[in-house]
Structures are given as C-alpha cells and as structure tokens.
C-alpha cells in the first residue's frame, strides 16, 4: 500500500516532536512514535499507574504504561485529532491544518 502525500508530509512534520508532553482530559501524554500507516501517533499515558501485562495464560509479564494509538487527522472534521490539538504547539497545528486544506482542494487522481 503506498503512502499518500498528505500522510507523508504529516509524518515528516510530527517526527521531530517525538518526546513532547502535554495534558489532555487530566492525562499527561507523551508522543512516543509517529506511524506512517494511517498516519497514526502513539501516545504514552505517563499519568496513570503502570498496568500489569499478562501472557495468553494470564500469568503476569511486565508492568507497562498504557499506550494510545490515534489517527493524526480527525475522522469527524477536517482538522487534527482533538487529542493532538491539545498537545501540539500552535505552529505545528497550523501547518497540519494547511496540509489538510491543501489536500481537500487537490483534484482527485484519475482512476
């Protein structure tokens, strides 16, 4: 599956921000990965106590914080995902919004 130009530009824009932290709905979240597929972001919830992960038999393996995987773009409106809107610097949000706007105004490629 080939990556769309919009996804590639969004990934390039967000990758330098790995490690940024912010708060959303009472949670402290850290950007830990930007995934090209989607594009998506992985956010580590550093505010919650680590949960015990188990194997398929229910035996405890490790303690790990919760990781949220979210799309970069909102599925409801032409904007960044609401969680990202509360975490990202305003300048980066404006660049994401400009990418979305430019993508919406591009003609569809021929079949």
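Every number in this text was worked out from the coordinates using simple rules, so none of it is lab data. Bear in mind the structure is a predicted one, so any value in this text is a computation, not a measurement. Quick reminder, even Gly has a Cβ in these numbers, built from the backbone with ideal geometry, and neighbours come from all protein chains shown.
Here are a few candidate values for Rg/Rh (Cα atoms, Kirkwood Rh): (i) 1.63; (ii) 1.06; (iii) 1.30. Which one was actually calculated from the structure I just gave you?
From the options (i) 1.63; (ii) 1.06; (iii) 1.30, the structure gives (ii).
Of 89, 39, 60, which is the most mobile in a GNM of the chain whose springs link Cα atoms less than 10 angstrom apart?
In the Gaussian network model the winner is 60.
Using a Gaussian network for the chain with springs between C-alpha atoms less than 10 Å apart, which of these wobbles most: 68, 44, 35?
Evaluated over the chain, the most mobile residue of the options is 68.
If r is the Cβ-Cβ distance from residue 18 to residue 57 and R0 is 35 Å, what FRET efficiency results, to the nearest 0.05?
E(calc), rounded to 0.05, equals 0.55.
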